[in-house]
Amino acid sequence: MSGRDFDASSEEKAARNSALRNQIDDMLADLRKRTADLQEKQAAAAQQTFEASSDDGMVNVRVDATGTVQEVRLSDKAFERTNPEKLARSITSVIREASGTAQRQLQSTFAAEADVSNVPEVPGVPSLQGLLNSGPLVEPPDPETERARRRSEESQPGRAAAAPQVQAAPDDWDDDWESNRRGGRR
């Protein structure tokens, strides 16, 4: 405390104390309003769904606001007009497009909430700016890029389908049913 605080009259101290309380009350009211607004945005975002379809209409995907797949619909003609590899690539691409759209929309919706430019830095305390603006852990897929890649693949009719590379773990489970029923290998 400065020497001025000790020398101030009790009326001056009371006035400064009252002004400080009013400032804190205003800050708390602002915090409550921002919290309520954020909760409303979260509730609205949680209800959103996003859809994407392949150009040929064979694949339609619906995802929630986080990009989690909710539904995959295939056209009745999907198995007649394409082979399994091309269909699998198309499904994957449409899912990535829908997921990227959802994730980018969610980031856009809440970008303003991460603005801490008006929060003062406090010495010895980690910066909020660095914590909130570090970006997503994984960059969401770009819907436009995904759609362009899918259209490029669909326009190449003679393109050989690349089989997906799957590494399977060795099967060390005993194939004998009785042994498995009793708890595996002995």
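The values are calculated or read from the model by the stated rules, or taken from the named source; none is laboratory data. Note that this is a predicted model, so its numbers are computed, not measured. Every residue, glycine among them, receives a Cβ derived from its backbone with ideal geometry; neighbour counts consider all protein chains shown. Areas reflect the complete protein model, heavy atoms only, side chains present, ligands, DNA and RNA absent. Shrake-Rupley method; radii C 1.70, N 1.55, O 1.52, S 1.80 Å.
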Which lysines, if any, have their Cα less than 18 Å from the Cα of LYS33, not counting same-chain residues under 8 positions apart? LYS41
I want the local charge near GLN103. Using Cβ-Cβ distances under 15 Å, sum +1 for each Lys or Arg and -1 for each Asp or Glu among the other residues. -4
Report, ordered by chain and residue number, the lysines lying within cross-link reach of LYS77, taken as a straight Cα distance under 26 Å and ignoring same-chain residues fewer than 8 apart. LYS86
Å² of accessible area per residue within the range 45-114, as computed with a 1.4 Å probe and no ligands counted: 55
What list of ³J(HN,Hα) couplings, whole Hz, do you get for the range 40-48 from phi and the Karplus terms 6.51, -1.76, 1.60, once you set θ to phi - 60° and write x for glycine and proline? 5, 4, 5, 5, 5, 5, 5, 8, 6
